[in-house]
1. Once every DSSP H run of n ≥ 4 in the chain is given -39500 (n - 2.57) and the sum is divided by its residues, what mean residue ellipticity at 222 nm do you get, rounded to the nearest 500 deg cm²/dmol?
2. Quick one: net charge around Phe166, please, counting Lys, Arg +1 and Asp, Glu -1 for every other residue with C-beta under 12 Å from its C-beta.
3. Work out how much length Lys213 to Lys39 would gain on full extension: take 0.36 nm times their residue separation and subtract the Cα-Cα distance, in nm to one decimal.
4. With r defined as the distance between the Cβ atoms of Asp231 and Gln51 and R0 fixed at 30 Å, what FRET efficiency is calculated, to the nearest 0.05?
5. Under 16 Å Cα to Cα from Lys213, which aspartates and glutamates show up? Leave out anything in the same chain fewer than 8 places away.
6. So what's the net charge close to Gly81: Lys and Arg +1, Asp and Glu -1, counting the other residues with Cβ under 13 Å from its Cβ?
7. Report the residue, chosen from Val211, Val221, Val35, that carries the largest GNM mean-square fluctuation when the chain is represented by alpha-carbon nodes joined by springs under 10 Å.
8. Select from Asp108, Asp205, Asp69 the residue whose mean-square fluctuation is largest in a Gaussian network model of the chain (Cα-Cα springs shorter than 10 Å).
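The values are calculated or read from the model by the stated rules, or taken from the named source; none is laboratory data. If you're wondering where the values come from, they're calculated on a predicted model, not measured in any experiment. Every residue, glycine as well, gets a Cβ built from its backbone with ideal geometry; the counts of neighbours run over all protein chains shown. Keep in mind that these areas ignore ligands, DNA and RNA; they rest on the heavy atoms of the full protein, side chains included. Shrake-Rupley method; radii C 1.70, N 1.55, O 1.52, S 1.80 Å.
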Amino acid sequence: MSFKNKVVVVTGSGSGIGAAAAVLFAEEGAHVVIVDCSKTRANITAGKCEQYGNKVLVIVADVSKQEDDEKIIKQTIETFGKLDVLVNNAGTVVEEKILDGTILYTYDKIMNTNLRSVVVLTSLAAPHLAKTRGCIVNTSSVASTNIKAGRPFPSYCVAKAGVDSFTRASAFELASSGVRVNAVNPGPVRTNIFEHAGLSENWEDFSKSTVLKKASEPKEVANLILYLASDKASSITGACYLIDNGMALM
Ligand code: NAD
C-alpha cells in the first residue's frame, strides 16, 4: 500500500485513530498534513511522522468552522500543489439528554464538528481530488445505525448517520470525477475521546458490549483507512465498513 509522494490530509490527527493513520501514511511514503484543534497534540503526531523523512505540515484548525476548513485546503495546496487523500476523522462527543433539554445546547457543536466539517471539507477538497483522481475516507461510527452503541449521545448518532449518508451521496456525485468516497464505522477504540470531552469511560464495560468482548486499538482502524485510501480498494466506493468487534450484532 505505497503512498509514496501522495499528499494526505488527516483531520483530528493529534490523537487516537487520526494520529495512528497519519503515522501509517507517513510510514508508507506520504507527505502528511496534520490537522487538529490542539497544537500540542498535532506537534506530537508530526514528530512521529517526521522520522520517515517525508514532508509534514501542521495546521491548527477547528474543523467545525468553515473559515478554518478553507485554511486547511488553501495551505495544503499552497504547500504541496496537490491533494491525493482526505481523511475526515475529527470528531467529538458530549453527554446530553433529550428529556432535560441539554441536547438543545449541545446539538449544534456536535453536528458542526462531526458532520458539517465533513460536508464542507469534502466540497472544498473535491476539485483538487478530481485533478489527482484521489479519494476520501470518513470516520463514522457503529453508532450511526446502533443507538445502543451511541448512548448517551443522541446528536452524535444523528451526526454519524449523516456521515454515512453523505459518504454515499458524495461517492455517487464524485464518481464521474474519478474520486472514491468511503467510511469506516468503528465500535469501541482505545483512544482519549472521552477524556478529551471531559468524560470518563469504563473500557471494561464498553468492551463487554461487543460480541468479541474487546475494544480495538487505533492502529487497527487506521489500517482499514489506509486500505480504503489505497489503489487496492479501487473497486470500492460509497461503502461504510463496520470495524466494531461485532458490536452491531448485540
Ligand atoms: P480522540 O479524541 O483520541 O482524537 C480526536 C482528535 O480530534 C483530538 O486530537 C481532537 O483534538 C481532535 N478534534 C476534535 N474536535 C476537533 C475540531 N473541531 N477541529 C479539529 N480537531 C478536532 O478520538 P478518536 O477516538 O481517535 O476519534 C476519531 C474519530 O473516531 C472521531 O470521528 C470519532 O467520532 C470516531 N470514533 C471513535 C470511536 C472510539 O471508540 N474511540 C468509536 C467510533 C468512532
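1. For the chain, the value works out to -13500 deg cm²/dmol.
2. Computed value for this residue: +1.
3. 59.2 nm
4. 0.75
5. Qualifying aspartates and glutamates at Cα under 16 Å: Glu201, Glu204, Asp205, Asp244.
6. Taking every other residue near Gly81 into account, the sum is +3.
7. Highest fluctuation among the options: Val211.
8. In the Gaussian network model the winner is Asp205.
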